[in-house]
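Below is one structure, written out as structure tokens; the observations come after it.
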């Protein structure tokens, strides 16, 4: 693994976090879907603490990040960690930074007595799928993700759907 440092993001890192989010969205062919702003990230990550961000830096600059939050397994009766996003700059891939981020997340999960570390991956992202499988991750074939957002979320909340 190439020499790197891993640390929790601070509020001063919000511009870097937003830039990485935008680059991830571009990689996932969804750049037009990013509505996050620095203000929203400050509120969500540092005022409400809805999620945490782990940054990886090399050569004195950020080269990737992991955004995660606490989940809960009723079957295990324990908390878990859900990895919302993991991204390494395309020019920095293959240097061990993604594995390092996952290793640090695994350490955090063990330190926090979590029962699992889990995430989603786009079906077309075969390089990532191969990477995750090489680490011993298991694909959960029996689960399908569902989502409510925007107007449908509002409608259900208001009882009008």
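Would you mind stating whether residue 128 is touching a strand residue (DSSP E or B) at 6+ places or on another chain (Cβ under 9 Å), farther than 21 Å from residue 26 by Cα and not in a loop (DSSP other than H, G, I, E, B)? Spelling it out, it is not the case that residue 128 is touching a strand residue (DSSP E or B) at 6+ places or on another chain (Cβ under 9 Å), farther than 21 Å from residue 26 by Cα and not in a loop (DSSP other than H, G, I, E, B).
For the stretch 24-45, how many residues meet the condition of being surrounded by 11 or more Cβ atoms within 10 Å (Cβ to Cβ) and without any contact (Cβ under 8 Å) to a residue 24 or more places away in the chain? Even if it seems obvious, please write down each step before you answer.
Within the stretch 24-45, the first condition is being surrounded by 11 or more Cβ atoms within 10 Å (Cβ to Cβ), and the residues that meet it are 24-28, 30-31, 34, 36-38, 40-45.
If we keep only those that are without any contact (Cβ under 8 Å) to a residue 24 or more places away in the chain too, we end up with 25-26, 30-31, 34, 36-37, 40, 43-44.
Number of matching residues: 10.
In the stretch 8-23, the qualifying residues are those that are touching a strand residue (DSSP E or B) at 6+ places or on another chain (Cβ under 6 Å) and assigned to a helix (DSSP H, G or I), and the one that is surrounded by the fewest Cβ atoms within 10 Å (Cβ to Cβ) is 16.
Select from the stretch 50-81 the residues that are under 16 Å from the mean Cα position of the chain (by Cα) and over 20 Å from residue 106 (Cα atoms) and list them in ascending order.
Looking only at the stretch 50-81, we keep the residues that are under 16 Å from the mean Cα position of the chain (by Cα), and these are 50-56, 62-71, 80-81.
Within the stretch 50-81, just 62 meets the criteria.
Within the stretch 97-121, can you find the residues that are closer than 19 Å to residue 64 by Cα, free of Cβ contacts under 8 Å to residues at least 12 places away in the same chain and assigned to a helix (DSSP H, G or I)? Listed by number, the residues that qualify are 103, 106, 107. Among the residues of the stretch 5-21, is there at least one that is under 22 Å from residue 131 (Cα atoms), in contact with a helix residue (DSSP H, G or I) (Cβ under 6 Å, 6 or more places away or on another chain) and without any contact (Cβ under 8 Å) to a residue 24 or more places away in the chain? Checking the stretch 5-21: not a single residue is under 22 Å from residue 131 (Cα atoms), in contact with a helix residue (DSSP H, G or I) (Cβ under 6 Å, 6 or more places away or on another chain) and without any contact (Cβ under 8 Å) to a residue 24 or more places away in the chain.
Just so you know, all these numbers are worked out from the coordinates, no wet-lab data involved. No experiment lies behind these values; they were computed from the predicted model shown. Every residue, glycine among them, receives a Cβ derived from its backbone with ideal geometry; neighbour counts consider all protein chains shown.
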